[in-house]
1. Name the residues in region 275-289 that are in a helix (DSSP H, G or I) and surrounded by fewer than 18 Cβ atoms within 10 Å (Cβ to Cβ), would you?
2. Name the single residue, out of those in region 86-111 being touching a helix residue (DSSP H, G or I) at 6+ places or on another chain (Cβ under 9 Å) and part of a helix (DSSP H, G or I), that is farthest from residue 136 (Cα to Cα).
3. Does residue 292 count as assigned to a loop (DSSP other than H, G, I, E, B), surrounded by fewer than 19 Cβ atoms within 10 Å (Cβ to Cβ) and at pLDDT 95 or above?
4. So in region 243-261, with the set limited to residues that are in contact (Cβ under 8 Å) with a residue 24 or more places away in the chain and not in a helix (DSSP H, G or I), which one is nearest to residue 276 (Cα to Cα)?
5. Considering 212, 272, 240, which residue is within 14 Å of residue 177 (Cα to Cα) and either part of a helix (DSSP H, G or I) or in the same structural domain as residue 85 (by TED's automatic domain parsing) (or both)?
6. Restricting attention to region 215-237, report how many residues are part of a helix (DSSP H, G or I) and under 21 Å from the mean Cα position of the chain (by Cα).
């Protein structure tokens, strides 16, 4: 994808980690976990589990010296986030609303969010409690090495091949997390949490799948509108996103890890569903087409 030379967002924070002392889970962590459970429906075991993992080690804060490769990745992230801002602002205007964009936190190793602590192993995530997207750019390298998502294109510089290989797949990941922000500010996420609190685990997981697929659709919608704005797509870019969607499908990941799948435990959707809903958003460019909660079969 073509991304250089466009506006870069200033809604990006860079964190190099923090000093965390060894020890057990404190009362503060427990209180935060209970609040997140009551208000945002986040499983307290998840929050406390990550907190315990973080508390079992010491991460030393040091001044961060960014390499040229890291600087290019940061420029990429800032550009993609700016693109999401420039797409969603007018869409919200058509809905009679004002778009307030999320902050995007780029971290290294570990991070503390309003939803608790997280490490690089957590992968990119959106925290509704502070309305921030969290991203360790090591995930981009993992996409290339572990998922086999490369997307190298002719004419790319060696620097770009090393750091932004599969660049549109990476942009899709950011756009998906921003999609969760859209759901939060539109009130969709709170409705999902309320419905999940009133049903069983399998149905709650099914609602989570619909929410994730809608975020995929929103990512596709973003790509549609951004293409009209900037003509940024190159040959093979959409295929990159579809390949990424396939390789983060619940069925793909479970089969790869365990050799079988448990559909009732799915929380993000199958590979086929994720690909289909991303493409539905991309093909239509219509936010109404992303109503995953209004269709019988997803």
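1. Once the filter is applied, which keeps residues that are in a helix (DSSP H, G or I) and surrounded by fewer than 18 Cβ atoms within 10 Å (Cβ to Cβ), region 275-289 yields 283, 284, 288, 289.
2. Of everything passing the filter in region 86-111, 94 is farthest from residue 136 (Cα to Cα).
3. no
4. My answer is 249.
5. Unique residue meeting the criteria: 212.
6. 14
The values are calculated or read from the model by the stated rules, or taken from the named source; none is laboratory data. As the structure is a prediction and not an experimental result, all values here were calculated from the model. When we count neighbours, we look across all protein chains shown, and the Cβ atoms used for this are built from the backbone with ideal geometry, even at glycine.
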